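Q: Following this message is one structure expressed as structure tokens.
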Amino acid sequence: MTLRKPWIPLLLISTVPISAIAQDGPEHEVLEEIFVSATRVPENRFDLNASAYKVDRSAIEFTQATHINELAQRLPSVWVSRGNGQESLVSLRSPVLTGAAGCGSVLMAQNGISLRAPGFCNVNQLFDAHLEFADSIEVLAGPTPATYGANGLHGMINILTSPAGADQASAVSVDVGRFDYTRANAKLITNTANGSHLSAGFTGITEGGYKDNAGYDQQKMSLSYQVDLGGRQHTTSFSATNLNQETAGYIQGDDAYKIKAIKRDNPNPEAYRDAYALNASHRISEAFDDGRSRSLTLFVRHNDMAFLQHYLPWQAIEETGHSSLGIQAQWHRRLGSTQLTYGLETQYTQAYLTEDQPQPFSPNQPQGLHYDFDVDASTSAAYILSSQELTPEVTATAGIRFESTVYDYDNKLSDGSACAPAASACRFFRPADSSDRFSDLSAHAGIVWRANDSNTLRLNVSRGFRPPETAELYRLQNGQNKTDIDSESMNNIELGWRFQSEYWFVDSTLYSMQKNDVIFQDSNRFYVTGAKTRHEGLELQVKSRLEGPWNGDFALGYGKHEYDNNPDYLGVSSDISGLTIDTAPEIIASARLEYRKDRIRGEMEIVYMDEYATEPTNSNVYAGHTLINLRSEYRLNDNWTASARLMNAADTDYAERADFGFGNERYFVGEARALFVGLRYTP
């Protein structure tokens, strides 16, 4: 089935007058945007040889997002598909990937440290981050630089917190909205005379849920402390989150998300998810007058989660968690016209997983424990990046990283089938104890040409990887007693152009990526490798910086994501080479028109989602949607600010996610029009 090209909706959301970009030459002063995620060293985004995008603190505070997808849609090629409550699936220069590929292909981090250890990701792990406490969200599209390794295949989402500073203030706020939503935020800022900074934040959320029996409660706490001691800067960060959620399952049937009588039904009222996470780090950094710097970061993480697998008919209960201890060391120096950044990293993780089916279902899905295993894992890496000034206008960039991951797996149940001998095709097979090592290289090289103060051109070639997740190695099925899979890899080439002036900023990228050794389940439900996919497209971001009350910004991701060979995919018998990967819209775009004057700030946002296939043969398609969101705030006086948000203002019927499973179209239904109002007090 050929997917249509929705040019009319795309033109409608292009509210930013791009033709005006030609105005304003280099004689105007421009605002420098600092980006830290790429190399962990603050850099001017304009000269960075990477597809780098950012949501700043002002947008985070104004948006008052109830889910990270409300912020992610402000950036090109980023789609965080909202599941029920705080669940999510991430698309970053990619289709929406599920399972181990869904969380293993995008590096999700807080302050440059992955939220989950390599090999132990979860697709919903972004709910481990304290979004309301974020200072910014930085995104790298495409394989990450050599600063990062495992899981940075399609890119990185990095949520950055920062300690207090002169530009921050304590605040208390409450917002309430439809579907029994209530959120309270408190942030305390302390700046002392000796230059130390302390910030502490708490968020409490309760929501009744749009769908029946689908509410959640969530608590988040964060601390950040920074102080200079003997010329060294010490930064301590801590965050804790807890989520208790009643989970709603898919509704099924053609265009079921449009049917008023069933769109709020919850076919799985018994489903739940309970999760908590702790993340802490201490960073010591030192900068010298000759441009050298060095840093040492120690971090720990711990998380536990239990949930009902409501999306499977036999509804097993999964419990999983892990604890990690790690170190990151990095040095930066300048040698003539060359800047070098190099580092060493290591982390050790202890993890567990159990899967227990409380009720009988069939001989192939028996009651009782399916899996119960522990994994001890260690990851070590070394990297080096260079930036060489060839001329005052031209800089060559390069980097390489070597990383080794070792899994020591211990099966605590009997080896082999979890079923009785009478089972015809047992779904659960437990491999024998093993130790598995994966060694990988990532690299990048390119050229940045700063033609003048307003224009920069760049070329970047890069390679990323992801080692297999432990779920792909040790949760086997149908008698597969051992996997023979290796790390996935991604080769990327991209050409970018950036323009800046006093009044405009434009960032555009053309890219072509080839993914190899893709891990998948074949028709025997064996984990195998050998699939190939290709990903080609355009990213565009335009922001205005006009002096008047009106401003706007526009974000576009256009991509063709296709199967590049014909693997023996589970349940697919036809040739799918050249077809669009399921849940891969060609166009995702958004535009915002903002008014800001005196005490008033308002914004109209239009979000466009193209149609997409819901299964590999492209025989079934979700039609896509366009949403309108309205936001405003009014500063009552120096201390009080009132706000209002009208989400899905046109009350559009839409699906947050559509797919095809067990012979049916399935949907996570998008929420109806909802009004939220808030009040913030700043001393």
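Q: Out of (1) under 25 Å from the mean Cα position of the chain (by Cα); (2) over 30 Å from S386 (Cα atoms); (3) at pLDDT 95 or above; (4) crowded, with 17+ Cβ neighbours inside 10 Å, the odd one out for E319 is which?
A: (4)
Q: Only one of these conditions is not met by F307: (1) crowded, with 17+ Cβ neighbours inside 10 Å; (2) touching a strand residue (DSSP E or B) at 6+ places or on another chain (Cβ under 7 Å); (3) over 20 Å from L369 (Cα atoms); (4) not polar (S, T, N, Q). Which number is it?
A: Failing condition for F307: (3).
Q: Quick test of your reading of the structure: I137 fulfils all but one of (1) among the β-branched types (V, I, T); (2) crowded, with 24+ Cβ neighbours inside 10 Å; (3) assigned to a loop (DSSP other than H, G, I, E, B). Name the failing condition by number.
A: (3)
Q: Consider A377 carefully, then state whether it is crowded, with 16+ Cβ neighbours inside 10 Å, part of a strand (DSSP E or B) and touching a Gly at 6+ places or on another chain (Cβ under 7 Å).
A: yes
Q: Quick one: which residue in A584, A591 is under 14 Å from Y558 (Cα atoms), of a type in the set (G, A, S), within 22 Å of the chain's Cα centre (by Cα) and at pLDDT 95 or above?
A: Exactly one of A584, A591 is under 14 Å from Y558 (Cα atoms), of a type in the set (G, A, S), within 22 Å of the chain's Cα centre (by Cα) and at pLDDT 95 or above, namely A584.
Q: Return the residues of the stretch 626-683 that are hydroxyl-bearing (S, T, Y), in a strand (DSSP E or B) and over 25 Å from M609 (Cα atoms); say none if nothing qualifies.
A: Result: Y634, T641, S643, Y681.
Q: Of the residues R283, R301, which is basic (K, R) and within 23 Å of the chain's Cα centre (by Cα)?
A: Among R283, R301, only R301 is basic (K, R) and within 23 Å of the chain's Cα centre (by Cα).
Q: For the condition among the hydroxyl-bearing types (S, T, Y), touching a helix residue (DSSP H, G or I) at 6+ places or on another chain (Cβ under 8 Å) and either surrounded by fewer than 16 Cβ atoms within 10 Å (Cβ to Cβ) or modelled with pLDDT of 95 or more (or both), what is the one hit in S222, S295?
A: Just one listed residue meets the conditions, S222.
Q: On to the next question. Mind listing whichever residues of the stretch 568-590 are over 16 Å from H535 (Cα atoms) and buried (at least 21 other Cβ atoms within 10 Å of the Cβ)?
A: Matches in the stretch 568-590: A589, S590.
Q: Additional query: For the stretch 537-549, give me the residue count where each residue is over 20 Å from V55 (Cβ atoms) and either in contact with an Asp or Glu (Cβ under 7 Å, 6 or more places away or on another chain) or crowded, with 18+ Cβ neighbours inside 10 Å (or both).
A: Total meeting the criteria: 1.
Q: Can I ask one more? Please state which one of T529, T470, T483 is crowded, with 21+ Cβ neighbours inside 10 Å and either polar (S, T, N, Q) or over 21 Å from the mean Cα position of the chain (by Cα) (or both).
A: Answer to the selection: T470.
Q: Does A214 satisfy the condition of being at pLDDT 95 or above and of a type in the set (A, V, I, L, M, F, W, C)?
A: Answer is no for this residue.
Q: Scanning for something modelled with pLDDT of 95 or more and over 22 Å from F179 (Cα atoms), does the stretch 652-669 turn up at least one residue?
A: No; the residues of the stretch 652-669 include none that is modelled with pLDDT of 95 or more and over 22 Å from F179 (Cα atoms).
Q: Separate question: So, restricting to strands (runs of 3 or more DSSP E) that lie completely within the stretch 56-122, which ones have at least 2 residues that are more than 21 Å from I519 (Cα to Cα)?
A: By residue number, 78-82, 106-110.
Q: If you take the residues of the stretch 505-525 that are of a type in the set (A, V, I, L, M, F, W, C) and at pLDDT 95 or above, which of them is surrounded by the fewest Cβ atoms within 10 Å (Cβ to Cβ)?
A: L510
Q: To continue, here is another question. Are any residues in the stretch 594-606 assigned to a strand (DSSP E or B) and either more than 27 Å from S88 (Cα to Cα) or modelled with pLDDT under 95 (or both), and if so, which ones?
A: E594, Y595, R596, K597, I600, R601, G602
Q: Any residue at all in the stretch 140-150 that's within 29 Å of G496 (Cβ to Cβ), modelled with pLDDT of 95 or more, in a strand (DSSP E or B) and under 18 Å from the mean Cα position of the chain (by Cα)?
A: yes
Q: For the stretch 407-425, what are the residues that are in contact with a strand residue (DSSP E or B) (Cβ under 9 Å, 6 or more places away or on another chain) and either more than 16 Å from L476 (Cβ to Cβ) or part of a loop (DSSP other than H, G, I, E, B) (or both)?
A: D408, K412, L413, S414, D415, A418, C419, A423
Q: If you don't mind, another one. Is it the case, given these coordinates, that L243 is buried (at least 17 other Cβ atoms within 10 Å of the Cβ), in contact with a helix residue (DSSP H, G or I) (Cβ under 7 Å, 6 or more places away or on another chain), over 23 Å from P163 (Cα atoms) and not small (G, A, S)?
A: Yes, satisfied.
Q: To continue, here is another question. For the stretch 611-638, give me the residue count where each residue is among the charged types (D, E, K, R), more than 24 Å from the chain's Cα centre (by Cα) and surrounded by fewer than 19 Cβ atoms within 10 Å (Cβ to Cβ).
A: Matching residues across the stretch 611-638 total 2.
For (1) assigned to a strand (DSSP E or B); (2) over 30 Å from D436 (Cα atoms); (3) of a type in the set (K, R), each residue gets a yes or a no:
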| site | (1), (2), (3) |
| --- | --- |
| R334 | yes, yes, yes |
| G343 | yes, no, no |
| S387 | yes, yes, no |
| P392 | no, yes, no |
| T405 | yes, no, no |
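Q: Still on this structure: Just checking, does the stretch 190-197 include any residue being loosely packed, with under 15 Cβ neighbours inside 10 Å, touching a strand residue (DSSP E or B) at 6+ places or on another chain (Cβ under 6 Å) and of a type in the set (S, T, Y)?
A: yes
Q: Here's another thing I want to ask about it. Sort out which residues of the stretch 592-610 are surrounded by 22 or more Cβ atoms within 10 Å (Cβ to Cβ), closer than 17 Å to N551 by Cβ and not basic (K, R), and write them in order of number.
A: If the condition is that a residue be surrounded by 22 or more Cβ atoms within 10 Å (Cβ to Cβ), closer than 17 Å to N551 by Cβ and not basic (K, R), then E605 is the only one that fits.
Q: Determine, yes or no, whether A432 is under 26 Å from I485 (Cβ atoms) and among the hydrophobic types (A, V, I, L, M, F, W, C).
A: In short, yes.
Q: Could you grab me the full set of residues in the stretch 237-287 that are touching a Leu at 6+ places or on another chain (Cβ under 9 Å) and polar (S, T, N, Q)?
A: Matches in the stretch 237-287: S237, S239, T241, T247, N268, N279, S281, S285.
The values are calculated or read from the model by the stated rules, or taken from the named source; none is laboratory data. Please read all numbers here as calculations on a predicted model, not as lab measurements. Heads up, the Cβs are rebuilt from the backbone with ideal geometry, glycines too, and the neighbour counts pull from every protein chain shown.
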